[in-house]
Structures are given as structure tokens and as C-alpha cells.
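Values quoted throughout were computed directly from the atomic coordinates according to the rules given, and no laboratory measurement underlies them. Everything quoted here is computed from the prediction, not taken from an experiment. Don't worry about glycine lacking a Cβ; one is built from the backbone with ideal geometry, like all the others, and counts go over all protein chains shown.
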Amino acid sequence: MGPAPAADPGIDEQLAHVTDAQRDVCERRGVPFVDVFAPLAGHEQWDSDMASSLDRVHPGQAGYSLIAWLVLHQGWSDWIS
């Protein structure tokens with residue numbers, strides 16, 4: 001799983017590059033990769049949760065629920081098989 005977006009555009013720009021690099025490494029090694037950055041960047045519920053975060057890096061319950069949903073629906077079954 002790659003990194004999730006932060007509430008800072010400068011950090012998010014760097015995280016987008018990290019996500020691309022992680023995806024590339026996983027693809028070359030045949031390891032499942034779950035991108036949570038692209039689906040959550042600009043997501044209304046994610047943005048709302050991050051805006052209310054004390055450190056603007058770690059989400060609240062709604063944000064972690066979104067991450068869990070993405071992991072469960074984008075590679076969990078492949079990974080545990």
C-alpha cells in the first residue's frame with residue numbers, strides 16, 4: 001500500500017512521486033500494490049477528515065475506513081492468496 005494524501009499540497013506533490021515509485025517497484029517484483037493516494041486525493045470525505053485532523057497528516061475514523069475499503073477491494077484477496 002502506498003501513502004495516503006496529506007492536507008498539504010507540497011507534501012502531496014512529493015507523495016504522488018513516492019506512490020509512482022512504489023507502484024513501479026511492486027510491479028517489477030510481482031507484488032500486489034494498492035494505490036490509496038489517487039483515489040483519496042480530492043475525495044470529499046477524506047478532505048473533511050484531514051481538515052479536522054490535529055496534525056493534518058493522520059486521518060480520523062472516516063479516513064481510516066476509506067483506506068480499509070480501498071485495501072479490501074484493490075488487492076487484499078490477491079495478496080493473501
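For region 9-80, divide the Cα radius of gyration by the Kirkwood radius and give the resulting Rg/Rh value with two decimals. Intermediate values should be presented prior to the final figure.
Details: Rg = 13.2 Å, Rh = 13.2 Å.
Expressed as Rg/Rh, it is 1.00.
State the answer as a single residue: which of Ser48, Leu15, Ala68 lies farthest towards the positive end of the charge dipole of the chain, with beta carbon charges of +1 for Lys and Arg and -1 for Asp and Glu, about the Cα centre. Working it through, the farthest residue towards the positive pole turns out to be Ala68.
The long axis of helix 61-73 is offset from the longest Cα principal axis of the chain by roughly 20 degrees. Here the spin labels are modelled as points 7 Å beyond Cα on the Cα-Cβ line, and at Glu13 and Ala51 they lie 2.3 nm apart.
Could you work out the helix-only [θ] at 222 nm for the chain, with each DSSP H run of four or more residues adding -39,500 (n - 2.57) and the total divided by the number of residues, to the nearest 500 deg cm²/dmol? Working shown, then result.
Values: 5 runs with 51 residues, N = 81.
Estimated from H runs of four or more residues: -18500 deg cm²/dmol.
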